[in-house]
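The values are calculated or read from the model by the stated rules, or taken from the named source; none is laboratory data. In this text the structure is predicted, and so the values were computed from the model without any measurement. Cβ coordinates were reconstructed from backbone atoms using ideal geometry, including for glycine residues, and neighbour counts include every protein chain displayed. Please note that ligands, DNA and RNA were not included when accessible areas were found on the heavy atoms of the full protein model with its side chains. Shrake-Rupley method; radii C 1.70, N 1.55, O 1.52, S 1.80 Å.
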Amino acid sequence: MASLARAFWSSPHFVSSTSSDKKSSRFGIRVQKGDSAVASEDSIGVERESLRSFIDVGNGKPGLTSLRKRKESTIAEKLGALWDDGYGSNTIKDYLDNAKDFIKPDGGPPRWFCPIECGQPLKNSPILLFLPGMDGLGLGLLLHHKALGKVFEVRCLHIPVYDRTPFEGLVKFVENSLRTEHASSPDKPIYLVGDSFGGCLALTVAARNPNIDLVVVLANPASSFGRSQLSPLLPLLEAMPDEIHFTIPYLLSFVMGEPFKMATVSIERGIPPTVALQRFSDNLTALLPRLSALSDIIPKETLLWKLKLLKSAAAYTNSRLHSITAEVLVLAGGKDNMLPSGNEAVRLRNSIKNCSTRYFKDNGHTILLEDGVNLLTMIKATCKYRRSRKHDFVTDFIPPSHTEFQNTLQNNWLLNFATSPVMLSTMEDGKIVRGLAGVPDEGPVLLVGYHMLMGLELVPLIEGFLLEKNVLVRGIAHPELFSDRAEIQSKEFSFIDMMKVYGALPVSASNMFKLFSTKSHVLLYPGGALEALHRKGDEYKLSWPDQPEFVRMAARFGATIVPFGVVGEDDLAELVLDYDDMIKIPVLGDYLKSSQDHTKFRDVLGEDRANQELYIPGILPKIPGRIYFLFGKPIQTKGKEYVLKDRENAREVYLQIKSEVEGNMAYLIKKREEDPYRGVFERVFHQANSTPGSSTPTFEP
């Protein structure tokens, strides 16, 4: 494995150390004011030069900012869709292997180090400080280094095994670093990621620094230590003979984390079950011999000290929760056998003003080292990533990574299998072809179409563009999906979270303006919730207001408008209870009336919208048919800015778009009757007799 530690910091000098995965050779670089780097070995070669590129050897100012100088020409401005986040390249085995070098006594105090794997982040990225759990090593983000390193300046706190700095001392150490960084970049947020014990450290620092812009992410925070199973263990461990302490690591390994989740981290999604089972068995077998390293990471005297430290940390933290003004995100494992993390997440959400929670029922205490929890994904899904004081849905957006897309495909495989979406598009000459060749690759592009019941078309539409064109379509969504009420109702990773990861943003003229400015592919549903939550008998009926504002804005940027139709909701489900039915049901009707928030918002259509009832309709699933898309002939607005600036001219184009959408749906409703594979049974039979991975045919356009 590549060298893990890039640079250690302990005022007033920097120390950098690395180790390889197979050899125990080590070297250190100490940087002091006015000095150059001096290597302890002559054999470091190219690695030394690489390290120097990340260290400002001439700057003796103590602080994290010394590590942040970069050549502007080498720093990327943005990430592309399906970028490689490296998730799965490291596992718990790498954590245990690297721990061997981190636990060697070096006489040093707590310090910061920068993982080499993080590389160089995007320009103007915020800083992220990782505060470790009971082990103190600072390796707890190892699974996430490559992903986080793209969008954060990552610094990890290392507390040596035999260090006995009290909790107040650690708080001051982190606090001093925090204030130094804030003084250097006062307009940027600072991220504190606290794992278990580090969660107490993060919360305390946040409470003591309410005037610094902080985003705090907690992974099973130990603020619940007083109610945990660990608290009564302290007297038992003190009385335990040293001769049997070697058994503690094996006991802790099954209490601290979920071995099954740890063993599945590096297993690719979508591989055959037999292959996945074999890899899982190999990973689990390789993990067991390494567990003995835990006795070196947490020897008996260190374990006793850490338990006492946890007790004081939890008490100190809980007395200051009321002072926290930072944004807080709590990630809780449902199988945490060390701490009552699920209940603690609820308590913190009720105790801290701006606190969100996500619950992972199958994960244990070491949640950041287990499969199923991608830290960057959760930060994105909760709209917590930002480069300035306020989150911007366009400039702060990070496209979905390859891993996130693979997880989405896996999670939605049943929908894709059941519906087998058909994508058709129209070329410039009017010819209809299968695929998306008729939709421009370069933006700005505005896709305008019909919103099916419950937005059933959203997932296949987004996936289709990514699979065929590697283009991410940014969807304009109802503001209620981004409200505090929606956040409170979201406990686990939800469909709304997934929408945010894929770039959904609240409907507004300013957001549309920014998307066009960045030459994005934009998805707009003029009918909005009125179509997605339509009444019985209104399927395939457009509910568009008579406003041409989005045409005028598209023309201002020379955007290409592509009208599209989609059908298939009637082949998937039957609407049996709509809002008019539910409102008549006792109790349920009263609840619906009280839960509706008819606050008006002015959307991109230039209209004040209200009375779009948001509810979950009663539907009955059918034996699945297919979903069919037809993207019409592109409508060019480039060069027509002054023509379409006139409201009447824009209205003519608007009516043309609406007519095209209706015509596309009429075409699909008729042509799908010619599809021999419209039914799911016909498609299953065809796939069983076809080459694996081949697409299912449809009607001839």
Over region 170-234, what lengths in whole Å, largest first, do the semi-axes of the equivalent ellipsoid take, defined as the square roots of 5 times the eigenvalues of the alpha-carbon gyration tensor? 27, 11, 8
Under the rule of at least 5 residues apart or a separate chain, name every residue whose amide H is placed under 5 Å from the amide H of Leu192. Leu129, Val215, Val216, Val217
Can you tell me how much longer the chain between Lys104 and Arg434 gets when fully stretched, taken as 0.36 nm per residue apart minus their C-alpha distance, in nm with one decimal? 112.6 nm
Descending packing, highest mean Cβ count within 10 Å first, for 441-449, 215-223 is 215-223, 441-449
Total formal charge among the other residues, if their Cβ is under 13 angstrom from that of Arg647, Lys/Arg +1 and Asp/Glu -1: -2
Could you tell me how far the Cα centroid of region 489-511 sits from the Cα centroid of region 415-475, in Å? 19
Taking every other residue with Cβ under 11 Å from the Cβ of Pro189 and scoring Lys and Arg +1, Asp and Glu -1, one gets +1
Probe 1.4 Å, all chains present, heavy atoms only: Phe393 accessible area in Å², nearest 10, is 50
How large, in percent, is the carbon and sulfur part of the accessible surface of region 315-383 at a probe radius of 1.4 Å? 47
What number does region 79-148 give for Rg over Rh if you use C-alpha atoms and the Kirkwood radius? 1.00
Tell me, what ³J(HN,Hα) does each residue in region 409-416 have, in order and in whole Hz, if you take phi through Karplus 6.51 cos²θ - 1.76 cosθ + 1.60 with θ = phi - 60° and put x for Gly and Pro? 4, 5, 5, 10, 4, 5, 5, 5
May I ask you to derive the FRET efficiency for Ala509 and Ala666 from their Cβ-Cβ distance with R0 = 41 Å, giving the value to the nearest 0.05? 0.85
Dividing the convex hull volume of the alpha carbon atoms of region 147-187 by its residue count, what do you get in Å³ per residue? 88
At Glu641 and Asp580, where each label point lies 7 Å from the Cα along Cα→Cβ, what is the point-to-point distance in nanometres? 4.6
In the structure displayed, which of Lys100/Lys150; Lys491/Lys541; Lys536/Lys593; Lys384/Lys638; Lys384/Lys514; Lys172/Lys300 lie more than 30 Å apart, Cα to Cα? Lys491/Lys541; Lys384/Lys638
Normalised by the residues of region 338-410, what does the relative contact order come to in percent, with Cα pairs under 8 Å and at least six apart? 16
